[in-house]
Amino acid sequence: MVAQLYISQPPHLGSCLTALKTNDAFELLFEIHSLSLKYFLIMWTTDKIERFCKEYGFVPNQTTSELSSLHKILYPDEVLMGLLDGILKEVFGKNYNGNGMVIATNKRVIFYRKNFLGITTKEEISLQKVSSASIRKGLIFSSIILTSSNNEAIVKQCENKSAEKFITVLTNLIHNSHTLKTTTGGDDLTQKLEKLFELKQRGILTKLEFNDQKAKILAS
């Protein structure tokens with residue numbers, strides 16, 4: 001997953017979300033890697049953030065300031081997958097009680113807010129360190145809870161449909177991140193799969209050869 005983020009080509013996001021829904025960790029990895037290769041070293045911009053929001057269906061609620069500077073905190077080697085705003089109640093032992101944004105990428109979850117003085121607060125956690133993500137639904141608003149090995153993050157006052165969509169994306173990202181780690185035995189086999197996919201993208205391997213080699217790697 002090496003390189004730009006989201007989107008001049010909306011079908012790539014659709015493919016990523018399809019892979020998430022089917023819990024196909026390897027297809028998700030390949031879709032993200034394909035997108036990364038195609039947009040290598042293309043940085044995030046406000047325009048790309050706006051296009052993602054339109055594609056994803058995100059409308060900020062008191063987090064316009066955070067959204068306007070989101071491109072500054074994203075890495076040029078990760079893919080934006082989901083956005084949610086609400087009240088950051090508690091983030092891994094720290095109390096905030098202020099409006100903010102939760103960002104899900106293919107690598108991490110970011111808790112991001114700016115107060116009325118423009119002071120920025122940012123906490124983050126790797127997907128592989130998140131144990132679970134859950135939702136508590138109310139009549140109008142929901143809370144989402146992320147747990148790690150010894151702590152949790154709580155975001156309240158999230159609009160119900162937005163919270164449901166975000167938690168679905170995040171839960172599957174976490175699942176696929178853990179699946180890749182355990183099934184492939186770590187980074188070594190993941191790198192082999194990425195290199196194999198790159199050969200397919202360059203036309204060096206046919207689809208049949210790619211599938212054959214992938215099966216051998218996963219069986220080893």
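Taken together, the values in this text are just the output of simple stated rules run on the coordinates, not laboratory data. Remember, predicted model here, so these are calculated numbers, not experimental data. Reconstructed Cβ throughout: ideal geometry from the backbone, glycine too, with neighbour counts over all protein chains shown.
With the simple spin-label model, which puts each label point 7 Å out from Cα in the Cβ direction, the residue 120 to residue 202 separation comes to 3.6 nm. As a rough guide to protection, the peptides 114-120, 141-147 ranked by mean Cβ packing within 10 Å, highest first, stand as 141-147, 114-120. Sequence-ordered 3J(HN,Hα) estimates for the range 95-112 from the Karplus curve with 6.51, -1.76 and 1.60 and θ = phi - 60° stand at 8, 10, 6, x, 5, x, 10, 10, 10, 10, 10, 6, 10, 7, 10, 10, 10, 9 Hz, glycine and proline given as x. Working note: Karplus 6.51/-1.76/1.60 with θ = phi - 60° gives the range 205-212 the couplings 10, 6, 4, 5, 5, 4, 4, 5 Hz, where Gly and Pro are set to x.
Extents of the range 65-220, largest first, come to 55, 29, 28 Å (Cα atoms, principal axes, whole angstrom).
Near the amide H of residue 131, within less than 5 Å, lie the amide hydrogens of 147, 148, 149, all on another chain or at least 5 residues away, with H placed in the peptide plane.
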